[in-house]
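The values are calculated or read from the model by the stated rules, or taken from the named source; none is laboratory data. Only a predicted model underlies this, so the values are computations on that prediction, with no experimental measurement involved. Cβ atoms come from the backbone with ideal geometry, glycine included; neighbour counts cover every protein chain shown.
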């Protein structure tokens, strides 16, 4: 997991450190800018990220910030990069003037990258999450009905299913002890010391239709 995280982040952050000897320090400046962040809107937070020349022109028109349209510091990408903190501060100033839904609707219309920031409790009601069926329900034999989260990637030849429920207390004690090399008599002695009854069942498979 650690190596995967490092590789994923260095796609953008290795920058000048990719050369031997390094031409500069690692770290993509725009991503590390203090004001490049989710912005507070009138009713929550949203990630709003104009990027192309057209994106910024549409943003200036929508927010009424016409003074930026003719400012040479923001005319093209090369100039914007040198003054990006000013633009991010402007977004931070404009974002609270509209609610999150307004920002998403505008950005979707003009192809500006934008996403609302959801609380954990709001995830299940998100249209994309609902459409993809990320959450499912199953019935545990002793704990009752519960919500599960499927893997985020689907494969037609290998559909997702829950093969076993979360184990109950002590459910795999005998299996673990046997794998450790203890014979049946030794396992029985340990269970007796613990005051536990030997279990005949393994993890209960999920009934058909419950995956």
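Any residue that is loosely packed, with under 14 Cβ neighbours inside 10 Å, out of contact with any helix residue (DSSP H, G or I) (no Cβ under 6 Å at 6 or more places or on another chain) and part of a loop (DSSP other than H, G, I, E, B) - is there at least one of those in the stretch 78-90?
Scanning the stretch 78-90, I find no residue that is loosely packed, with under 14 Cβ neighbours inside 10 Å, out of contact with any helix residue (DSSP H, G or I) (no Cβ under 6 Å at 6 or more places or on another chain) and part of a loop (DSSP other than H, G, I, E, B), so the answer is no.
Taking only the stretch 19-36 into account, find how many residues are outside any helix (DSSP H, G or I), in contact (Cβ under 8 Å) with a residue 40 or more places away in the chain and surrounded by fewer than 16 Cβ atoms within 10 Å (Cβ to Cβ).
3
Conditions tested, residue by residue: (1) over 20 Å from the mean Cα position of the chain (by Cα); (2) in contact (Cβ under 8 Å) with a residue 60 or more places away in the chain.
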site: 110; (1), (2): yes, no
site: 115; (1), (2): no, yes
site: 121; (1), (2): no, no
site: 153; (1), (2): no, no
site: 173; (1), (2): yes, no
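Mind listing whichever residues of the stretch 179-198 are assigned to a helix (DSSP H, G or I) and either surrounded by 14 or more Cβ atoms within 10 Å (Cβ to Cβ) or over 43 Å from the mean Cα position of the chain (by Cα) (or both)?
Our first condition is that a residue be assigned to a helix (DSSP H, G or I); within the stretch 179-198, this holds for 179, 184-194.
Hits for the stretch 179-198 are 184, 185, 186, 187, 188, 189, 190, 191, 192, 193.
Go through the stretch 91-116 and give me each residue that's under 13 Å from residue 42 (Cα atoms) and outside any helix (DSSP H, G or I).
98, 99, 116 - these are the residues of the stretch 91-116 that are under 13 Å from residue 42 (Cα atoms) and outside any helix (DSSP H, G or I).
Identify, by number, the condition in (1) outside any loop (DSSP other than H, G, I, E, B); (2) within 26 Å of residue 119 (Cα to Cα); (3) at pLDDT below 95 that residue 16 doesn't meet.
(2)
When you look at residue 46, is it in contact with a helix residue (DSSP H, G or I) (Cβ under 7 Å, 6 or more places away or on another chain) and either over 19 Å from residue 80 (Cα atoms) or assigned by TED's automatic domain parsing to the domain that holds residue 101 (or both), yes or no?
Values: in contact with a helix residue (DSSP H, G or I) (Cβ under 7 Å, 6 or more places away or on another chain): yes; either over 19 Å from residue 80 (Cα atoms) or assigned by TED's automatic domain parsing to the domain that holds residue 101 (or both): yes.
Considered against the rule, which asks whether it is in contact with a helix residue (DSSP H, G or I) (Cβ under 7 Å, 6 or more places away or on another chain) and either over 19 Å from residue 80 (Cα atoms) or assigned by TED's automatic domain parsing to the domain that holds residue 101 (or both), residue 46 comes out as yes.
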